[in-house]
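Nothing in this text is a laboratory measurement; each read-out follows from the coordinates by a stated rule. As the structure is a prediction and not an experimental result, all values here were calculated from the model. Here the Cβ positions follow ideal geometry from the backbone for every residue, glycine too, while neighbour counts run over all protein chains shown.
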Amino acid sequence: MTVTLSAPSTSTALDIQKVTARIGAQISGLDLSQPLGADTVAAIRAALNEQKALVFTGVDLDDEGQQRFARQFGELTTAHPTVPAVEGAPNVLPVDSEKGVANHWHTDVTFVLNPPQVSTLRSIVVPPYGGETLIANAAAAYRDLPEPLRHFADTLWAVHTNDYDYAVPQESLDEEARQRREVFTSIKYQTAHPVVRVHPLTGERGLFIGGFAQRIVGLSVGESRKILDLLQSYVTRPENILRWRWSPNQLVLFDNRITQHYAVDNYDGLPRRLNRVTVAGDIPVGIEGKPSYSIKGDASHYSSVAELGATPVAG
């Protein structure tokens, strides 16, 4: 579908092409290096609400340009609560294969009280093969649940933490990997979120779990793991996943409130580098209107709290 918009600064044809049935669309005809009009930002937000992940190709952006683009959707977070930013760019996180891989399903920074509402990833160095990013639609996963399981999930809360159950034990790490883990957990966070989150803009319900969700409130670790694994299996059904193969000069914008993602480690250790910029989010709310609550760790240095249903900021 093609939508033509009249923005204050320019008249822009916004071409939106779906990539899969359940998640993902590619947008053409926009120069992201220029400020976007309010109508254009609103149209991108509407497309994001529907498609959950948007791909922009042929973008001519540096770190400042990526931050400027992301800022049109709200106030930026700093790069990360514990991991250092790109030097001279406190809002930019380097996602660099040489500093570890993020090959586990997760939603960004769910161990804090108000995780980012949206994330942007921009390709810097792309391996000649592999290195795809998978993005899953957590709303479609919720709709896939059989009715009894859906009702059960509606009642659950989960504790998310950055000091999570790593697949690789501490004693098997080399010194560099051990130091990275120590930095990542230098401030320990625990936050309880509803397993089923209500999206503040669309009202959709989505499974809000992923790799940082370690325990169901009121259950043992063993019981929790079985339930979380069962629910997670619906998130990662192939029908719910966009598998994006990166090319140079691309930017992906995805709704962190209602997706999970995974960086596929299938490029033989070749260099792979993306830069991430995220937009401050609201405090998640469950189906009964109860908000998430912090158990351990103050992340106020990382992110302000966005108002529920915060509207985009024009260029």
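Below, the figures for the structure above:
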{"item": "Amide proton proximity set for Thr259, modelled H, under 5 Å, gap of 5+", "result": "Ala138"}
{"item": "Sequence-distant residues sharing a close amide H with Gln26 (under 5 Å, placed H)", "result": "Gln17, Lys18, Val19, Val55"}
{"item": "Alpha-carbon Rg with Dmax, taken over the stretch 134-243, Å", "result": "15.6, 48"}
{"item": "Hydrodynamic radius of the stretch 235-315 per Kirkwood, over alpha carbon pairs, in Å", "result": "16.6"}
{"item": "Distance (nanometres) between label positions extended 7 Å along Cα→Cβ at Val221 and Asp15", "result": "5.3"}
{"item": "Sum of side-chain charges, Ala263 neighbourhood, beta-carbon under 10 Å (Lys, Arg +1; Asp, Glu -1)", "result": "-1"}
{"item": "Percentage relative contact order, the stretch 124-258, counting C-alpha pairs under 8 Å, at least six apart", "result": "42"}
{"item": "Relative contact order (%) - the stretch 2-296, alpha-carbon pairs under 8 angstrom, separation at least six", "result": "32"}
{"item": "Contact order normalised by residue count of the stretch 217-306, Cα under 8 Å, 6+ apart, percent", "result": "20"}
{"item": "Shape of the stretch 38-180, Cα gyration tensor, a/c cut at 1.5", "result": "oblate"}
{"item": "Residue-averaged 222 nm ellipticity for the chain, from DSSP H runs of 4+ at -39500 (n - 2.57), nearest 500", "result": "-6000 deg cm²/dmol"}
{"item": "Spin-label model distance (nm) - Ile295 vs Trp105, 7 Å beyond Cα toward Cβ", "result": "2.1"}
